[in-house]
Amino acid sequence: MRLSVHIRKRLSSFDLDVRFDCEDKQLLALIGPSGAGKTTIVRIIAGLDRPDTGRISFGDEIWVDTARGIFVPPQKRSLGYVFQDYTLFPHLNLYRNVSFAAGDTGHVRDLMKALDIWELKDRKPHAVSGGERQRCAIAQALARGPKTLLLDEPFSALDITNRRKLRERLKFLKGELSIPIIHVTHDIDEALYLADEILPVVKGSIARKWIMQFLMKEPVRKAKIHSAGMNTGAAAGMKNTERKVS
Amino acid sequence: MDIVPLILSFKLALVTTVMLVIIASPITYLIVYFRFPGKTFLDAFINLPIVLPPTVLGFYLLIWLGSNSSLGSLWETVFGMPLLFTFSAIVIASLIYNLPFAIQPMKAAFEKIDNRLLESAYILGLSRMKTFFRVIIPNSIPGIIASAILVFVHTMGEFGVILMVGGSIPCKTRVASIAIYEAVEALRYQDALFMSLALIPISYLFLLLINRLNMNEVKR
């Protein structure tokens with residue numbers, strides 16, 4: 001199924017105007033500086049905000065069509081959303097958080113095992129680490145079997161080690177899922193490592209030039225990555241994506 | 001010593017508290033989470049009992065619940081007896097009088113809930129109603145308990161409003177505060193002393209409970 005987005009919205013300091021598609025099995029990274037409107041885009045896709053004009057469709061379902069006055073509420077869109085920082089329900093243990101909206105408990109167990117949080121199932125969110133909480137948030141988002149997954153800077157509150165671990169796990173999960181995934185980030189390495197396609201967003205518009213400028217500095221950046229002893233997967237991914245972008 | 005007034009006060013406080021927790025939580029939800037025309041007016045109107053002299057409120061209730069009013073006559077046709085000067089009348093008066101005291105702590109608790117938790121619940125497919133019961137209420141328990149305690153203690157000490165709509169009918173509407181007043185008037189100081197003494201530890205215990213809850217809240 002294809003998620004098609006074409007939206008416009010007047011924000012306080014600029015106008016948001018983007019158009020893109022995301023297919024099944026594709027991970028699309030929305031990358032850009034903070035305050036570029038990336039979060040607003042995913043919030044509009046989720047139905048938490050409304051665009052001024054535009055259309056969002058998923059397969060043959062229309063989620064938003066301002067011209068025809070269609071607006072499907074978030075409850076009916078069947079999507080998974082992982083927020084910037086943990087939004088687990090503080091009154092429930094991890095197991096109940098993951099199974100919150102999912103009926104199938106066997107599936108919940110498999111997911112929690114795959115994300116390595118099954119052992120912590122009886123703990124409350126405040127009693128586990130940031131990385132564990134964020135893995136739980138991903139399990140919660142996936143437990144309902146969503147038709148599409150939105151990740152809004154899911155690693156931003158984590159330290160570098162946890163970030164890398166979770167990044168790898170997400171890469172693995174991505175192979176297992178056959179839905180469109182939209183991943184918001186301001187970290188180019190993260191985008192290069194995970195994404196099939198990168199969409200740079202600057203001041204509310206898609207700015208392909210911006211990423212080209214960024215990649216021109218690549219040799220310097222690559223050297224930095226090596227000296228920091230980081231996994232070269234990111235660098236390899238960088239080459240692939242560079243081809244795609246250019 | 002006649003302990004019936006104390007029992008009556010306790011019964012009134014209990015009934016008021018249970019009913020108000022049920023009535024006030026959806027009203028608070030409406031005030032905190034919805035935007036609608038006239039919201040500020042409604043909010044101010046609900047809070048009127050805090051600033052109005054109890055006798056003024058009692059006077060309006062006396063007229064509003066009387067046999068000549070629509071509510072009073074409806075009550076009379078349904079139950080076959082007048083509403084005024086009954087236990088039901090003082091329950092109604094007490095509900096209205098205490099509504100703002102029930103709403104304030106709940107409002108503070110609801111407002112503290114991170115909006116993203118609600119958004120997360122919507123995305124997980126929960127309706128607004130289910131979100132209210134499964135996310136808002138369980139995360140506001142200390143606030144709800146605080147409001148219940150406040151209403152309970154406040155009702156135990158109510159005087160003016162109850163006297164206006166309930167009079168002082170033994171075993172029906174003569175609650176502790178009124179019985180104390182009447183004992184003093186009749187120079188039965190011994191009775192007044194015992195009843196007053198009985199009220200102090202009850203109120204003190206409840207205040208301790210509130211403080212305890214607030215402390216737990218801070219620890220979280």
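No value in this document is a laboratory result; all are computed from the given coordinates. Model, not experiment: these values are computed from the prediction. No Cβ is skipped: glycine too gets one built from the backbone with ideal geometry, and neighbour counts run over all protein chains shown.
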Legend entry - Using θ = phi - 60° and Karplus 6.51 cos²θ - 1.76 cosθ + 1.60, couplings along segment B:127-136 (whole Hz; Gly, Pro as x): 5, 4, 4, 5, 4, 4, 7, 9, 10, 5
Inset, instruction - Quickly work out the B:Glu182-to-B:Leu205 label distance, labels modelled 7 Å from Cα along the C-beta direction, and quote it in nm with one decimal. - result: 2.6
Inset, instruction - State which entries of A:Lys147/B:Lys39; A:Lys76/A:Lys171; A:Lys9/A:Lys124 exceed 30 angstrom in Cα-Cα distance in the structure shown. - result: A:Lys147/B:Lys39; A:Lys9/A:Lys124
Legend entry - Between 0 and 90°, nearest 10: helix B:4-33 axis offset from chain B longest Cα axis: 30
Legend entry - Structure-based [θ]222 nm, the protein assembly as shown - -39500 (n - 2.57) summed over DSSP H runs of at least 4, per residue, nearest 500: -18000 deg cm²/dmol
Legend entry - Using θ = phi - 60° and Karplus 6.51 cos²θ - 1.76 cosθ + 1.60, couplings along segment B:148-160 (whole Hz; Gly, Pro as x): 4, 5, 4, 5, 4, 5, 4, 5, 4, x, 5, 9, x
Legend entry - Full-stretch length increase - B:Asp2, B:Ile63 - with 0.36 nm per residue and alpha-carbon distance subtracted: 18.8 nm
Inset, instruction - Can you bin segment B:126-220 into rounded, prolate or oblate? Criterion: square roots of the alpha carbon gyration tensor eigenvalues sorted a ≥ b ≥ c, rounded for a/c under 1.5, prolate for a/b above b/c, oblate for the rest. - result: oblate
Inset, instruction - Could you bin all the Cα-Cα distances of chain B into 5 Å bins starting at 0 and give me the percent of pairs in each, rounded to whole numbers? - result: 1, 7, 13, 15, 17, 15, 12, 9, 6, 4, 1, 0, 0, 0
Inset, instruction - Using only Cα atoms, locate the centre of segment A:177-207 and the centre of segment B:124-161, then give the distance between them in Å, rounded to an integer. - result: 43
Inset, instruction - Quick one: dipole size for segment A:1-102, taken about the Cα centre, charges +1 on Lys/Arg Cβ and -1 on Asp/Glu Cβ, in debye to the nearest 20. - result: 160
Inset, instruction - May I ask for the equivalent-ellipsoid semi-axes of segment B:73-186, computed as the square root of five times each C-alpha gyration tensor eigenvalue and listed largest first in whole Å? - result: 39, 19, 8
Legend entry - Options B:Pro53, B:Ile145, B:Leu208, ranked by Cα towards positive dipole end of chain B, top entry (Cβ charges): B:Ile145
Inset, instruction - Could you tally the net charge around B:Leu20, taking each other residue with its Cβ under 14 Å from the Cβ of B:Leu20, Lys/Arg +1 and Asp/Glu -1? - result: 0
Legend entry - Surface/4 of the Cα convex hull for segment A:1-136, nm²: 9.8
Inset, instruction - Arrange A:Val201, B:Val165, A:Val72 by Cβ neighbour counts within 10 Å, fewest through most, would you? - result: A:Val72, A:Val201, B:Val165
Legend entry - Spin-label pair B:Met129/A:Arg2, simplified geometry with 7 Å Cα→Cβ offset, distance in nm: 3.9
Inset, instruction - Count the DSSP beta bridges whose two residues both fall in the protein assembly as shown, then state the antiparallel fraction as a percent rounded to the nearest 5. - result: 55
Legend entry - Other-chain or far-sequence residues with amide H under 5 Å of A:Val82's (modelled H): A:Leu150, A:Leu151, A:Asp152
Inset, instruction - Return the sequence-ordered ³J(HN,Hα) values of segment A:69-76 in whole Hz as given by the Karplus equation 6.51 cos²θ - 1.76 cosθ + 1.60 applied to θ = phi - 60°, using x for Gly and Pro. - result: x, 9, 8, 8, x, x, 4, 9
Inset, instruction - Would you mind computing the Rg to Rh ratio of segment A:105-153 from its alpha-carbon coordinates, Kirkwood style for Rh? - result: 0.96
Legend entry - Simple label model, 7 Å out from Cα along Cβ direction - A:Thr66 to B:Arg35, nm: 1.7
Inset, instruction - In debye, nearest 20, what is the charge dipole magnitude of segment B:74-163 about its Cα centre with +1 on Lys and Arg Cβ and -1 on Asp and Glu Cβ, if you could check? - result: 360
Inset, instruction - Work out the length of the dipole vector of chain B about its Cα centre, built from +1 on the beta-carbon of each Lys and Arg and -1 on the beta-carbon of each Asp and Glu, and round it to the nearest 20 debye. - result: 800
Legend entry - Globularity index of the protein assembly as shown, i.e. its alpha-carbon radius of gyration over 2.2 N^0.38 Å: 1.33
Inset, instruction - Excluding A:Ser78 itself, calculate the net charge of residues whose Cβ lies under 10 Å from the Cβ of A:Ser78, where each Lys or Arg counts +1 and each Asp or Glu counts -1. - result: +3
Legend entry - Local net charge near A:Glu23, Cβ-Cβ under 12 Å (Lys/Arg +1, Asp/Glu -1): -2
Legend entry - Overall Cα dimensions of segment B:7-91 - principal axes, largest extent first, Å: 41, 31, 28
